[in-house]
Amino acid sequence: MNAVLAIAIKDIRLLLRDRMGFFFSFFFPLLIAVFFGVVFRGGGGGGGAGSGIPVAVVDLDNTAESAAFAAKLIAASELEVTTGLSPTEAEEAVRIGRLRGSIVLLPGFGEARRRPFWGEPMSIELAVDPSRAALASMLEGVVTRHAFEGLSEMFADPAKMRGQVRESMDQMRRDGSLPRAMRPAFEMFFNALDSMLQTVQEDSAGEPGEAADPAQAAARAGGWQPVRVSTRAVSARPSGLPTNSFALTFPQGVIWGMMGCALGFAITLVMERTRGTLLRLRIAPLSRMQILAGKAVGCFMVTASVAATLMVIARVVFQVQPTSVIMLAAAIACSSACFVGIMMLLAAVSRTEAAGNGLGWGVLLLMAMIGGGMVPLEFMPGFIRTLSVVSPIRWSLLALEGGVFRGFSMAQMAAPCGVLLGIGGMSFAVGARLFRPD
């Protein structure tokens, strides 16, 4: 029993001596817990400024009613609104990933809002990022809720609502396209609606907690559709959609494959240093930079090969058709170069294999978390979304999506590729300077 206890104490002491390993065994889990606590505080997004869904609001109706509704959307805490864009500019911003959606108030919106009981409903068109399907549903729900909130305000004023009903009835009587035989039915409908509004208002006054949204209740009860929201995905494809769901998921799979390759080569380099392999290589007529360059070339070739193989499988097996093979190849090359630099930096600062493994996964997971690889950036607090610009995961994912389904041009691909090459080059330079073969 004493021997067993002695071995356990020895292993604990070794862990405590390895400061990097001790940090990732005890303190890194604490950081993870705090990170997700901050992210999901207050129901996600942190409730801070700038933590809403980035969208554009385009008012094509240009009436007082549409302007009031646009102002309501701008003030909504769930949205981070950009204004002043044309429909084409807003859609382009969604396509390249700068915004997650555009909300277009179509012509006739104000007229429909003034006469919610007759004629066409208020028409709103959403153009959304195809890689954020769940976010699209959330955005549609937010827009619909705010549209019904305005109608609920009308329901709160019985006199005003009855005026709306009478105006709609007069418009119905003047509508020459309505068959005369159907007019009595609509007369009965409007009279019943007037009685229903009075009942809804009385119920809301008596039991406000149970009738918080009479407009939605009335719409569900009678099949009335005062608001029509149409949603479509924005893509460079003629169909407006990626080939299939695998076009959205394979870029993320490629990112995790690159992370695994970078970590594997970093740990291998640490092992060769701790076991004396690098010292034996130094005996050969090889300079220190030649050795490191050889490691970098090997890591680049493996990383790029893994990414290319995954995309070939996506094309052959899952029928994923990239919008541009050239842009996809550029994205893979720049992302691979970036992860080579990260590999060199991880190997340089890790003194043991355990420290390299803990540090590697810790850093890469942190990059994935703040770069949108694990939690969508729209659900992050504002300061984390700002911090995400330093994460290569964010830029690698954007570049790969640009070649697969966003249809990036050379100019649009220049920004993510330039950031990736910059991060990779600086990481490699720092890592090569800090690296010691013994």
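The values are calculated or read from the model by the stated rules, or taken from the named source; none is laboratory data. Not measured: the values here are computed from a predicted model. All Cβ positions, glycine included, derive from the backbone under ideal geometry; neighbour counts span all protein chains shown.
Key figures
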quantity: Members of the stretch 325-345 that are touching a Phe, Trp or Tyr at 6+ places or on another chain (Cβ under 9 Å) and not small (Gly, Ala, Ser); calculated: Met327, Cys334, Cys338, Phe339, Val340, Ile342, Met343, Met344, Leu345
quantity: Single condition Met374 does not satisfy, out of (1) surrounded by fewer than 16 Cβ atoms within 10 Å (Cβ to Cβ); (2) at positive phi; calculated: (2)
quantity: Test: Glu65 is crowded, with 18+ Cβ neighbours inside 10 Å, of a type in the set (Asp, Glu) and at pLDDT below 90; calculated: no
quantity: Of all residues in the stretch 403-426 being touching a Ser or Thr at 6+ places or on another chain (Cβ under 8 Å) and either of a type in the set (Phe, Trp, Tyr) or assigned to a helix (DSSP H, G or I) (or both), the one that is surrounded by the fewest Cβ atoms within 10 Å (Cβ to Cβ); calculated: Gly403
quantity: Scope the stretch 58-102; condition assigned to a loop (DSSP other than H, G, I, E, B), closer than 24 Å to Gly372 by Cα and out of contact with any strand residue (DSSP E or B) (no Cβ under 8 Å at 6 or more places or on another chain); matching residues; calculated: Ala76, Ser77, Ile96, Gly97
quantity: Residues of the stretch 292-337 that turn out to be out of contact with any Ser or Thr (no Cβ under 7 Å at 6 or more places or on another chain) and either part of a helix (DSSP H, G or I) or modelled with pLDDT of 95 or more (or both), as a count; calculated: 32
quantity: Any hit, the stretch 370-378, residues being closer than 24 Å to Asp129 by Cβ, modelled with pLDDT of 85 or more and not in a helix (DSSP H, G or I); calculated: yes
quantity: Residue pairs meeting the criteria (Cβ under 8 Å; at least 6 apart or on separate chains; first of a type in the set (S, T, N, Q), in the stretch 237-264; second modelled with pLDDT under 90 and not in a helix (DSSP H, G or I)); calculated: Thr243/Arg237; Thr243/Gln319; Thr243/Val320; Thr243/Gln321; Asn244/Phe318; Asn244/Gln319; Asn244/Val320; Gln252/Gly373
quantity: Verdict on Gly298 being in the same structural domain as Phe428 (by TED's automatic domain parsing) and buried (at least 21 other Cβ atoms within 10 Å of the Cβ); calculated: no
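Per-residue answers, yes or no, for (1) modelled with pLDDT of 90 or more; (2) surrounded by fewer than 18 Cβ atoms within 10 Å (Cβ to Cβ):
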residue	(1), (2)
Glu91	yes, no
Arg98	no, yes
Val104	yes, no
Arg113	no, no
Gly119	no, yes
Arg132	no, no
